[in-house]
Every structure is written in C-alpha cells, then in structure tokens.
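In what follows, a single structure is set out as structure tokens and then discussed.
The values are calculated or read from the model by the stated rules, or taken from the named source; none is laboratory data. Every value quoted in this text rests on a predicted model; they were computed, and no experiment measured them. Cβ sites come from the backbone with ideal geometry, for glycine too, and all protein chains shown count toward neighbours. Ligands, DNA and RNA are stripped out before the accessible areas are found, and what is left, the full protein with its side chains, is counted by its heavy atoms. Shrake-Rupley method; radii C 1.70, N 1.55, O 1.52, S 1.80 Å.
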Amino acid sequence: GENVEQHPSTLSVQEGDSAVIKCTYSDSASNYFPWYKQELGKRPQLIIDIRSNVGEKKDQRIAVTLNKTAKHFSLHITETQPEDSAVYFCAASSPRAGAGGFKTIFGAGTRLFVKA
Amino acid sequence: EAQVTQNPRYLITVTGKKLTVTCSQNMNHEYMSWYRQDPGLGLRQIYYSMNVEVTDKGDVPEGYKVSRKEKRNFPLILESPSPNQTSLYFCASSSTGGPLGSPLHFGNGTRLTVT
C-alpha cells in the first residue's frame, strides 16, 4: 500500500543552525504535500504546504522542496530557534480511487530539538 | 473563532464499556476524519466522511464506528473498547473533500486509556 517514509526520527541542532527533514512517498498520484508541527501536548498544525505543480515554496524561515521524479520532498528550517522544538510530520495526499475525495498518508514524525 | 472541538480531552475506561468521543467543527467544512496517533507510527486514519451521511473506512477502522448526521458533528464510537485502542485520538476537518488534498484542521486531541 501507499506509504510515506520520514527521516530522521530525531534531530538535534544548535540554535541558529539549519534543520532539514526528508520524506519519500510511494504513490505517484500524490498531488499535495503538507507539513504539520506538533508541540508537546498540542494538536498538529499546518506550517507549510506545496502542490505537485510547484517545486519549491518558502515562508520566512521555512521552505519546502519537492522532487516529483524522485518522489521526495523536504522541509528546511533556517536560523532555528528554541521555539522550533517540536515534532514535525510530513504528509502526502492523493485522490481516492472510486469513491472520490482524497487520502492523506502521514510520515512517522521527526522530533526536533533546538539547543539554546 | 474557527475551530474543531473534541471532548473529552482525557478518558480512562475499562475493557468492553462503550464510549463516544465527540467532534464538532464550526467552519462549515465538508470533510471530517478521525486519526489515532501512536509513538513511531505517525497519524493513522480511522474513518473519514466526505459529507453528511457519507462515511468510509480509513486504514485502521477495526473496533470503531462513526456517524455523520449533521455537517458539523462527527462522533467516534468504540462499542467494546480493548486495551490496544489506548491511544491519542485526533479529529480533523477540511474545507473540501475533493480529489485535491487540502489542509487539515485538528482538534485538541483525546487521550484514551483502556484498562
């Protein structure tokens, strides 16, 4: 079945350094790739997303890149701050066959620690 | 304030005692879904609903039921809970249920423990 692999599972960086999280997906029909941030004890919240017709998107310190040929996408956080410490989930959405609608598959998550 | 509201936040129950976790959204979203979150497994979909009276199984539906009688509400029902259903549950909604994916808005979560 479809799956999304996410690496690394844990990432520790020094404040001010960059952090990169990588995901690969298996369903070539995937057309939407959101990233969610989950702080401790809280709900996942969308931080950035990209559609399959775009190769890169940036929002201040956060950027996402997509390589459709290789079926992988990455989250880049520059100038990391302690408040960036959280679990980050990548996801890939694709159309559902038959019944319509979309299906979203999540990666297992990356726990990011930013050391002050 | 636009939000997805889940209740209760915490629930401890015993094996076999039926329970319902409520979910309500005030954004007039068509699409609603339930996920469970377990360490190392990310978020796995239990059931989803593309609109009123339209529900379907996700990846891990066994032991769960849902209903969508109104657009805003999507309760999750565990008829006979078992310890392997101990997990953190999230309800989510999205503005559209069409073939192009769209952002999910999550509730605050329900931490369920079944003893």
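Filter the range A:26-44 down to the residues that are loosely packed, with under 15 Cβ neighbours inside 10 Å and farther than 20 Å from A:Asn67 by Cβ and list them by number. Hits for the range A:26-44 are A:Glu39, A:Leu40, A:Gly41, A:Lys42.
If you check A:Val4 against the conditions, is it more than 11 Å from chain B (Cβ to nearest Cβ) and either surrounded by 13 or more Cβ atoms within 10 Å (Cβ to Cβ) or in contact (Cβ under 8 Å) with a residue 40 or more places away in the chain (or both)? Criteria not met by A:Val4.
Here B:Thr20 fulfils each of the conditions (1) open to solvent by less than 20 Å² (accessible area, probe 1.4 Å); (2) in contact (Cβ under 8 Å) with a residue 40 or more places away in the chain apart from (1). Only strands (runs of 3 or more DSSP E) whose full extent lies in the range B:14-80 are considered here, and the ones with at least 1 residues that are within 14 Å of another protein chain (Cβ to nearest Cβ) and more than 25 Å from B:Ala2 (Cβ to Cβ) are B:31-38, B:42-51, B:54-57. As for the range A:84-96, it holds at least one residue that is over 27 Å from B:Gln6 (Cβ atoms) and open to solvent by 40 Å² or more (accessible area, probe 1.4 Å). Among the residues of the range B:97-115, those that are open to solvent by 50 Å² or more (accessible area, probe 1.4 Å), assigned to a loop (DSSP other than H, G, I, E, B) and in contact (Cβ under 8 Å) with a residue 40 or more places away in the chain comprise B:Asn108, B:Thr115. Answer yes or no as to whether A:Gly98 is away from chain B (no Cβ under 12 Å) and modelled with pLDDT under 95. So A:Gly98 does not fit the description; no. Among the residues here, A:Leu40 qualifies as among the hydrophobic types (A, V, I, L, M, F, W, C), within 26 Å of A:Lys115 (Cα to Cα) and either away from chain B (no Cβ under 13 Å) or assigned to a loop (DSSP other than H, G, I, E, B) (or both).
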